[in-house]
Each structure stands twice: as C-alpha cells, then as structure tokens.
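All remarks here apply to the structure that follows.
The values are calculated or read from the model by the stated rules, or taken from the named source; none is laboratory data. Quantities reported herein were computed from a predicted structural model and do not represent experimental measurements. When we count neighbours, we look across all protein chains shown, and the Cβ atoms used for this are built from the backbone with ideal geometry, even at glycine. Heavy atoms of the whole protein, side chains included, go into the accessibility calculation; ligands, DNA and RNA do not. Shrake-Rupley method; radii C 1.70, N 1.55, O 1.52, S 1.80 Å.
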Amino acid sequence: METIKLDIRKSGVEVTEALKAEALKANASLHAGDGAGNDFLGWVNLPSSVSDSDIEAIKACAAGLRERAEVIICIGIGGSYLGAKAVVEAMSDSFALLRRNRTQPAVVFAGQNISEDYLHELLSAVADYSIAAIVISKSGTTTEPAIAFRIIKTEIERRYGKQEAAGRIVAVTDRARGALKKLATDEGYPTFVIPDDVGGRFSVLTPVGLLPLAAAGVDIAALVRGARDMEAATADGVPFEQNPAALYAVVRNALYRSGKKIEILASYEPKLQYIAEWWKQLYGESEGKQGRGIFPASVTLTADLHSMGQYIQEGERTLFETVISVAEPAHKVVIETDADNLDGLNFMAGKRLSQVNRMAELGVQLAHVDGGVPNLRIEIPKIDEYSVGALLYFFEKACGISGYMLGVNPFDQPGVEAYKKNMFALLDKPGYEEESKAVKARL
Ligand code: PA5
C-alpha cells in the first residue's frame, strides 16, 4: 500500500529469509488465532468489520452531543484515552483555543490522572460553557476514570438535572460486566459496546476512539477507510516484501537481538506528539514483560534536538530511531528575503519551512546513523484521517507480529495490577485490611 512507505536502508539490518519466515508465521498466527492471547484478536479484522451503519450510529450520537455542548469531556485512561487523544491532536488546529470563531465543540480529556488541580481547573474552565461527557472504560472498574466521572457526573446533574443529564452523558463499556455498565443502565445513558475480544490499547477503531473523534469533528469514515486498506495490505498471504508491518516487526526485532533495547519514535510535526504517546502504550504494554521488550521512547524534533539530541548522538549505544515523516504539510509558509540580513538567513530566502524541516530531518538522520543509532523512516503522505487510520493499523499489526517474534503474549498486561493493590491498601479499601497494614509498614 502506498499510504505508508517504510524505509529501512539506514537501519543496518539484513533481512534474512529466516527473519521473513518468522514474521510471516507470526502474522499467520494472528489471523488463525492460534497464538498467545488469541481471545484478544478482535482488532485484526476490525477495520473491515466496521459497517456504514456502525459509523452512522456513532456520528448520530456525536452530533447529539455536539448540538448540546460547547465542551465535551471525554473520560478514560490508557487504551480508553490515548487513541482518541492522539487523533484529536493530530487533526486539530494547533491553536484552536485562540480562534475566536470556533465552530467545533472542544473535546477535552479527564480521568487519565488523579490530579486534583487538573480536575479543578477543568471544571472551572468549563464553568461558562455547556458541557456533555463521554465516559469510557472497558472493565468499567478502573479507578482513575471512575473518580473523574463521579465528579463530572455530579456537575452535569447539578447543572441540568438528572433527566437532562442522561442526554448529555454517553458510556462506552463492556456489553454486560462492570460498574460502569450497571451505572449506565440504571441511569439510562446511551451506551456503546467495546467488543470482548479487543483489548484497550487496540481499541481506537471501536467506539472507544471513534465516538470522541466524531464528537471532535474528525472524519471517522476516512479514518476507518485508511485502517481498512492497511488491514488488506498486511493480511495473511501478502508477500513479505509488500507487507510493511511485517518488515517493521522484523527490523525492530533484529535490532533488539543485536543489543538495541530502546526505540525512539521521532517526528518533526508537533501534532503527532500524542500519536507517539499512543504508540508507547501500544508497544510498552504489549511487549514489556517476562524481562523482555524494547523500551519505547519518543521525541518531537527539532525541539528535542536541543535536549535529548545530545544523548541520542553520543549516549549509551542501545538506541535505534524510527522517524514518522510527513511528505506534504497542509499549509505553506515561505521565508522571505530581508534587506539587512542581520540574522544571516537570506540563504534560505524563498524556501518553504517544510523544505528546511526536511533538510533538518535528513541531516539528523545521517548524524544519528553516524553516531551508531540505526534509523527507520515511515513516510505518510500527509496528516489526514485516511493516512492516520492507516498508520494506526500499521502499528497495531506490526505490534502483534513483533510481540509474537519476541516470544511474549502481546495482548495481556499482568504488570499493571501491581500498583493497584498498594493504592487500594493505602486508601483502606474494604477487603484490603492485611495488605493495608503491610504496605503502610513499608512507607
Ligand atoms: O490496554 C489496556 O488494556 C489498558 O491500558 C486499558 O485500556 C486501561 O487500563 C483502561 O482500562 P479500562 O478501559 O478497563 O478502564
């Protein structure tokens, strides 16, 4: 598929037949459902199974929220937050908040932390705006969004009354289980279901991502179309040479096996910063287990060349870098000639900023490769829904293949439970009496 071009020429990896076979076997397992975590493979064929009527139902619900509210508060954490946040950021005007004639309702996020100041400032900032909420939790029991939702629900009910609140709150949760499902049923909230077989970090193309994105005015049909085309381009049976997800999985595993333990996702477009946050969750939670896994890190360039650039160039040589490169910017800004040339920049006069950005990208690539940092480059044509949809699915598919090549179950996350036990014990949750004594003694 032409949407995404993966260039590995500067990775230093020789793609052997054995590596290709490993990747194709892993991909076949994802499709056959005979690998680890095979009860969480609903995402594999998800883009092609989202129907027009699914899209229409999501858009209709989003339109209802957009009519009622100037600010839509989207509550969730982890996989129930990062996909929507990433795509909203990528698709939004970076300075939307400064626009006087905004036509879109603002979509803001809560429940991704327990910060008192964050929630206070959010509630105070929306005091003069009409509000609605989308609350998202697959388990329906996650503490952070549950706390945020309790507070935001109270605010919505205080303002509009309980009956009207039911028209301003939408839940996205499990079909049958969890406190959120029960609450939504009791309160009569419209509800969208997260399929059982789609884990949180693979759920951006379910209502988890699509509903907030539609609420933000994102063209979710185009997003799904991009993902669907990438699903076809990475399907079982596609030859290795034509499957970019298999190639990415191979190269990163080959680098890992050669001692490169950290992958830095870099982009020269600040709008893609949260795509990197989503990617970090996807790969970190999927691969970091059993004492294994590439540590996913990210930088936004050129800003971080003036901070992390030093380490990348000369620090410990355990890094490799994957650059998301955008071929065409949406806007044009040209550097003008200055008669005095006091800043000495006339040699760039007439050039577009994107040309300068591209030269920075190419110069940095060579410098990092010279410094011992293998480089992969993923080029997307532009930042639009179609390309981003393709990019999201590309990363998901590569993650599944890569996790199997690493020998882990990419679809569980046993490690995220450890902190919860301590937190509940410290908060004296009923049932945690013994743990409470033990953990307090250790403080
Ligand atoms: O990928 C995952 O499964 C997690 O990051 C979850 O998305 C996160 O913990 C939130 O879970 P839930 O949607 O159940 O509230």
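Projected label points at residue 123 and residue 422, each 7 Å from Cα along the beta carbon direction, are separated by 2.9 nanometres. Here the accessible area is traced with a 1.4 Å probe on the protein chains. For region 354-443, carbon and sulfur cover 59 percent of it.
Using a probe of 1.4 angstrom and keeping all protein chains present, the accessible surface of region 1-40 works out to 57 square angstrom per residue. Applying the criteria of a DSSP loop state and at most 11 other Cβ atoms within 10 Å to the GluC sites (Glu not before Pro) of region 1-69 yields 2, 14.
Excluding residues fewer than 8 places away in the same chain, name every one of the lysines whose C-alpha is closer than 28 Å to that of residue 182. Within the straight-line cut-off, residue 182 pairs with 59, 85, 138, 153, 162, 420, 421, 429. For residue 181, the shell of other residues with beta-carbons less than 9 Å away shows a net charge of +2, using +1 for Lys and Arg and -1 for Asp and Glu.
Extension gain, residue 101-residue 34: 0.36 nm per intervening residue step, less the Cα-Cα distance, totals 18.8 nm.
The antiparallel fraction among DSSP beta bridges confined to the chain stands at about 10%. A simple packing score, the average count of other Cβ atoms within 10 Å per residue, orders the peptides 34-42, 340-348, 105-113, 165-173 as 165-173, 105-113, 34-42, 340-348, with the highest score first. Sequence-ordered 3J(HN,Hα) estimates for region 229-239 from the Karplus curve with 6.51, -1.76 and 1.60 and θ = phi - 60° stand at 5, 6, 4, 5, 6, 10, 5, 4, x, 5, x Hz, glycine and proline given as x. Computed over protein heavy atoms with a 1.4 angstrom probe, the accessible surface ordering of 158, 175, 66, largest first, is 158, 175, 66. For region 426-443, 3J(HN,Hα) computed residue by residue from phi via the Karplus equation (6.51, -1.76, 1.60; θ = phi - 60°) reads 5, 8, 6, 5, x, x, 10, 4, 5, 4, 4, 4, 5, 6, 5, 5, 8, 6 Hz, glycine and proline entered as x. Close amide H contacts of residue 74 (hydrogens built in the peptide plane, cut-off under 5 Å, sequence separation of 5 or more or a different chain): 108, 109, 110, 134. So if I take the centroid of the Cα atoms in region 250-273 and the same for region 97-168, what is the distance between those two points in Å? Their Cα centres are 35 Å away from one another. Placing a label point 7 Å from the Cα of residue 435 along the Cα-to-Cβ direction, the residues of region 171-213 with a backbone N closer than 18 Å are 179.
Phi angles of region 67-81 translate, via the Karplus equation with coefficients 6.51, -1.76, 1.60 and θ = phi - 60°, into HN-Hα couplings of 5, 7, 10, 7, 10, 10, 9, 9, 10, x, 9, x, x, 8, 9 Hz per residue; Gly and Pro are given as x. Given the whole protein assembly as supplied and a 1.4 Å probe, what does the accessible area of residue 231 come to in Å², nearest 10? Result for residue 231: roughly 20 Å² accessible. Lys-Lys pairs in region 201-355 that are eight or more residues apart or on separate chains and whose Cα atoms lie under 25 Å of each other come to 9.
Less than 5 angstrom separates the built amide H of residue 192 from those of 171, 172, 173, all sequence-distant by 5 or more or on a different chain. In this structure, the amide hydrogen of residue 376, modeled 1.01 Å from its nitrogen in the peptide plane, lies closer than 5 angstrom to those of 321, 322, 323, counting only residues at least 5 positions away or on a different chain.
Per-residue packing, averaged as other Cβ atoms within 10 Å, sorts the ranges 412-419, 305-312, 218-225 into the order 218-225, 305-312, 412-419, beginning with the highest.
Residues 435, 316 ordered from highest to lowest accessible area at a 1.4 Å probe: 316, 435.
The protection proxy used here, the mean number of other Cβ atoms lying within 10 Å of each residue, ranks peptides 247-258, 269-280 as follows, highest first: 247-258, 269-280. Taking a straight Cα-Cα cut-off under 20 Å and skipping sequence neighbours fewer than 8 places away in the same chain, the aspartates and glutamates within cross-link reach of residue 20 are 7, 34, 231, 236, 241, 287, 396. Label-to-label distance, residue 273 versus residue 328, with points set 7 angstrom from Cα along the beta-carbon direction: 2.7 nm.
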